[in-house]
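Below: the structure, in structure tokens.
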Amino acid sequence: MLPCTGRIEEAIILQAFEGGADGVMVVGCLEGDCHYLSGNIRARARVQRVSDILESIGIGGDRVRMYNLSAGEGAKFAAYANEFSEHIDQLGPSIINQVRNTKAEQVTA
């Protein structure tokens, strides 16, 4: 967990995929309401760059999303988390995990 989404770097998000994540959801404060001024704006740009990278290498840019919420929007957070989780479930495992699973099956066969 980071104190501000503005501290998230593209590499951190990409490492999540390398580590086995099928999707990454980044949640920051409302735009215009960042304690660190423009952290959430920087984060959105970084998430977009990661999305572009994932799309260009065939993983799919829609596997990473950013949402902006206030601290008091717990129900909205839960709804977004459920929506994103269902979206990732519909996409299925990322190509990284498909390759990993195939290799694991070959080793155990």
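Those residues that are more than 17 Å from Cys29 (Cβ to Cβ) and acidic (Asp, Glu), I need them from region 72-89; list them, please.
Of everything in region 72-89, those that are more than 17 Å from Cys29 (Cβ to Cβ) and acidic (Asp, Glu) turn out to be Glu83, Glu86, Asp89.
Which of the residues that make up region 1-21 are of a type outside the set (A, V, I, L, M, F, W, C) and surrounded by fewer than 19 Cβ atoms within 10 Å (Cβ to Cβ)?
Answer for region 1-21, where residues must be of a type outside the set (A, V, I, L, M, F, W, C) and surrounded by fewer than 19 Cβ atoms within 10 Å (Cβ to Cβ): Pro3, Arg7, Glu9, Glu10, Gln15, Glu18, Gly19, Gly20.
Which of the following residues is part of a helix (DSSP H, G or I) and surrounded by 14 or more Cβ atoms within 10 Å (Cβ to Cβ): Ile59, Ile53?
On inspection, the qualifying residue turns out to be Ile53.
Please go through region 62-88 and pick out each residue that is closer than 14 Å to Gly20 by Cα, without any contact (Cβ under 8 Å) to a residue 60 or more places away in the chain and not in a strand (DSSP E or B).
Correct list: Arg63 only.
Would you mind telling me which numbered condition in (1) charged (D, E, K, R); (2) modelled with pLDDT of 90 or more; (3) in contact with a Ser or Thr (Cβ under 8 Å, 6 or more places away or on another chain) Asp33 fails?
(2)
Considering only residues of region 22-47 that are hydrophobic (A, V, I, L, M, F, W, C) and part of a helix (DSSP H, G or I), which is surrounded by the fewest Cβ atoms within 10 Å (Cβ to Cβ)?
My answer is Ala45.
The values are calculated or read from the model by the stated rules, or taken from the named source; none is laboratory data. Remember, it's a predicted structure, so these values are computed and weren't measured experimentally. So basically every Cβ, Gly included, is an ideal-geometry build from the backbone, and we count neighbours across all protein chains shown.
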